[in-house]
1. Val122's amide H: which non-local residues (gap 5+, or another chain) put their own amide H closer than 5 Å, with H modeled 1.01 Å from N in plane and none for Pro or chain starts?
2. Work out Dmax and Rg for the chain from the C-alpha atoms and quote the Rg first, both in angstrom.
3. Expressed as a rounded percentage, what relative contact order does the range 66-218 have, with Cα pairs under 8 Å and six or more residues apart?
4. Using the Kirkwood formula on the Cα atoms of the range 194-331, what hydrodynamic radius do you get, in angstrom to one decimal?
5. So what are the range 292-331's ellipsoid semi-axes, whole angstrom, largest first, if each one is the square root of 5 times an eigenvalue of the alpha-carbon gyration tensor?
6. Report, as a whole number in µm² per second, the diffusion coefficient that Stokes-Einstein gives for the range 90-164 at 10 °C and 1.306 mPa s using the Kirkwood radius over alpha carbon pairs.
7. Relative contact order for the range 118-168 using alpha-carbon pairs under 8 Å, separation at least 6, rounded to a whole percent?
8. Which residue, chosen from Gly85, Leu106, Val122, occupies the Cα position most advanced towards the positive end of the dipole of the range 47-179, where the dipole is computed from +1 (Lys, Arg) and -1 (Asp, Glu) charges on Cβ about the Cα centre?
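Rule-based calculations on the coordinates, nothing more; no lab input. Model, not experiment: these values are computed from the prediction. Using ideal geometry, Cβ is built from the backbone for each residue, glycine included, and neighbour counts are taken over all protein chains shown.
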Amino acid sequence: MNKLVSMLVVATAACAANAPAADTLPVVTGGRVVAEADGSYRFGWPAIYFEGWFEGTAVSVSIETQTELFRLLVDDAERARLGPGQLSAIVQGLAPGRHVVRLEKLTESQDGESRFRGFRIVGRGSALAPQEKRHAIEFIGDSHSVGYGDTATKRECTRPEVHDTTDTQQAFGPIVARRLGADYRVNAFSGFGIVRNYAGGAPGDSMVLRYARAIPGQGQAASDKGWKPEWIVINLGTNDFSTKLHAGEKWADNAALRADYRATYAAFVRSLMATQPQARFVLMGADAFYGDVQQVAIALATPERVRTLHTPALELTACDWHPSLKDQQVMAEAVLKVIRKR
């Protein structure tokens, strides 16, 4: 924050209600959100963001969040970290003229939700029309796509440390999107796979099933009307195969698990192809399951729409042996290379 800009953050509902009267900004929303009648937006998936444009010298934001952390930016400069609680933040002392304000969700919420109540101009000023980008890209995945503990400098982390060191905005998906000048969605959920979750947890549930939800920990169906990504990048399989099968699981052996994975994955992509006929796909896979990913691509029989990517070697020095910030950059470069391939 430069010395000409001041910030006031108040963590009380009363302050949010008593914020200075001002125009509410129309916004561009990034990610799945549920629009409410009062003008607010509920959400739960990672990497959600809101952007608004205005002329003036001060702007406020109001949010409600149970456990999540957010980054507030004005003109691409970070002004504050917000959350959790009911918060009203004001950035003032901006130079007269045009500005863009942006609120980014950093952390992962597997349960619960947050609510964005809007940006408002404080004092004199005027709202400007939203500026949607010409390109759009979607990422579907697990903890690697979430950016699980990616800012940590150690592998041994407590659950609170994992939460607080997760920054999905620095994961490979948003990095790729920024490089392409694209709006983006990250529909990802740590610990979940195509047919099997980490260590066989939550049997009968999967990322394929959760993908259909507006908010991952709730039952409401998603509505993706108007969302038309040019590319959909899928990175799922680590949780299906990273732990051994144990007694009581539905697959007789590893071969049966792999066959189920391939069939379910292919059906999932076919459903996405039907709802997003304009999209092309990148299917990512690490050493343990890249062969299965290749077979999925072959089964889809649409080489003009589907490309595969063998995930490059990673140092995995973040929480619980997850990709570090350096790894996220490596994966982003690999994805960009595949997308840009003629």
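1. Ala58, Val59, Ser60
2. For the chain, the Cα-based Rg and Dmax read 20.7, 68 Å.
3. That works out to 22 percent.
4. It is 16.3 Å.
5. Each semi-axis is the square root of five times an eigenvalue, giving 29, 10, 7 Å.
6. 95
7. 31
8. Val122
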